[in-house]
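Encoded as structure tokens, the structure appears first; notes follow it.
The values are calculated or read from the model by the stated rules, or taken from the named source; none is laboratory data. What you are looking at is a predicted structure, and each value in this text was computed from that prediction instead of being measured. All Cβ positions, glycine included, derive from the backbone under ideal geometry; neighbour counts span all protein chains shown.
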């Protein structure tokens, strides 16, 4: 089935809010045979919404945003007016909205009442995070309409319900799986896969490149073909497969260290806590993360890691020698089983020998210290994010390789 995602909101067009819904929705629904063929961003204006609706003929129309209580929140009303579908009060939704206000000890405004109105035969999606329920309903033109709230914290929990609804309605089973790949560029990876896509025409294979990683999704209606395609992929890319596509470096690292009953410590200069933040996003991190130190200045490197001031003066803070000294000092201070350190230039400042994007990383594990230098292109944020991913991958690879120096 073909689908369109229609995102409503002035704030999206102004660049005030980043529209992440397309990626989230597409990934959620691709496993049940719903293909996102078109995407639109439209301002909060009934005429603009109707103008787009007049030429969208996809099987499923997924709207995000415009379900709030304010006068400019008119998505549901506009869509139903276009399809000439009257709205009726949905009593369970009204009671749920009232309960939300009671929970926060606030009076319910009359403007919130409209959030409880839906087409008579709509499947209403509860919203425990807010006052705007979502809904799924069929139009007189035999199109399916899904209306979802704009805030991700409210929208995301509804997507499994949307997926389950269409799976039940169409009784179409799609199988999906995939790999997380790292340590290789996307173009080099595609060279390795040359001919693979044509070999399995009934399997949809899609790469999604991120910062320092690539997720490969496999989707098919035939489970046997899916497995064959994945086995063929693995034969070509096994050295670079980190784990299942749904996982992350940090989740795999926390699990591995937990299984080994080992600890980790991190010393960050340029990334200033970004590695530690990703680690602590994972439940169970407290069992393995022993210490995290931000040593942004030369003085802090001397104070907390015992770096020799002469080394900093001779080699500068951004050097392979200092990265090595950082990880050695971190291990001496913390006694953690696995230690990682980062130093580099994210910009705009740098020096003649090490331009912006120069990064040095060091990892110590089982008595062996390994180092890596990378030179990255991009803005300050991109360099720091990619460096974070690179160190996490480097740490993971060491513990997965049982400490081997490779």
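If you go through region 15-43 and keep only what is within 13 Å of the chain's Cα centre (by Cα) and part of a helix (DSSP H, G or I), you end up with 21, 22, 23, 24, 25, 26, 27, 28.
Restricting region 54-107 to residues that are part of a helix (DSSP H, G or I) and touching a strand residue (DSSP E or B) at 6+ places or on another chain (Cβ under 8 Å), which is nearest to residue 119 (Cα to Cα)? Going through the qualifying residues, I end up with 80. Only one entry of 253, 257 meets the criterion of being touching a residue at least 40 places away in the same chain (Cβ under 8 Å), in contact with a strand residue (DSSP E or B) (Cβ under 9 Å, 6 or more places away or on another chain) and within 28 Å of residue 357 (Cα to Cα), and that entry is 253. Tell me, yes or no, whether region 289-297 has at least one residue that is modelled with pLDDT of 95 or more, closer than 20 Å to residue 386 by Cβ and not in a loop (DSSP other than H, G, I, E, B). Yes, because at least one residue in region 289-297 is modelled with pLDDT of 95 or more, closer than 20 Å to residue 386 by Cβ and not in a loop (DSSP other than H, G, I, E, B). Take the conditions (1) closer than 22 Å to residue 212 by Cα; (2) surrounded by fewer than 20 Cβ atoms within 10 Å (Cβ to Cβ); (3) at pLDDT below 95; residue 349 misses just one of them, which is (1).
Is it the case that residue 18 is under 30 Å from residue 178 (Cα atoms) and without any contact (Cβ under 8 Å) to a residue 12 or more places away in the chain? In short, yes. From the list 349, 344, 329, the one residue that fits, being more than 24 Å from the chain's Cα centre (by Cα) and without any contact (Cβ under 8 Å) to a residue 12 or more places away in the chain, is 349. Among the residues of region 202-241, count how many are at pLDDT 95 or above, over 26 Å from the mean Cα position of the chain (by Cα) and within 17 Å of residue 30 (Cβ to Cβ). So the answer is 1. Here residue 214 meets the list (1) farther than 18 Å from residue 401 by Cβ; (2) out of contact with any strand residue (DSSP E or B) (no Cβ under 7 Å at 6 or more places or on another chain); (3) touching a residue at least 24 places away in the same chain (Cβ under 8 Å) almost entirely, failing just condition (2).
Scanning region 191-223 for residues that are over 26 Å from residue 388 (Cα atoms) and assigned to a loop (DSSP other than H, G, I, E, B) turns up 193, 194, 195, 200, 201, 202, 203, 221, 222.
Among the numbered conditions (1) free of Cβ contacts under 8 Å to residues at least 40 places away in the same chain; (2) surrounded by 21 or more Cβ atoms within 10 Å (Cβ to Cβ); (3) farther than 16 Å from residue 294 by Cα, the only one that residue 338 does not meet is (1).
Determine if region 299-309 includes at least one residue that is touching a strand residue (DSSP E or B) at 6+ places or on another chain (Cβ under 8 Å) and under 24 Å from residue 355 (Cα atoms). Yes, that holds for at least one residue.
Could you check, for region 197-211, whether at least one of its residues is touching a strand residue (DSSP E or B) at 6+ places or on another chain (Cβ under 9 Å), under 26 Å from residue 374 (Cβ atoms) and crowded, with 20+ Cβ neighbours inside 10 Å?
So far as region 197-211 goes, no, none of its residues is touching a strand residue (DSSP E or B) at 6+ places or on another chain (Cβ under 9 Å), under 26 Å from residue 374 (Cβ atoms) and crowded, with 20+ Cβ neighbours inside 10 Å.
The single condition from (1) assigned to a helix (DSSP H, G or I); (2) under 22 Å from residue 395 (Cα atoms) that residue 267 fails is (1). Restricted to strands (runs of 3 or more DSSP E) entirely inside region 111-190, those with at least 1 residues that are within 22 Å of the chain's Cα centre (by Cα) are 144-148, 175-181.
Looking at region 80-119, which of its residues are closer than 14 Å to residue 139 by Cβ and in contact with a helix residue (DSSP H, G or I) (Cβ under 7 Å, 6 or more places away or on another chain)? 82, 87, 119 - these are the residues of region 80-119 that are closer than 14 Å to residue 139 by Cβ and in contact with a helix residue (DSSP H, G or I) (Cβ under 7 Å, 6 or more places away or on another chain).
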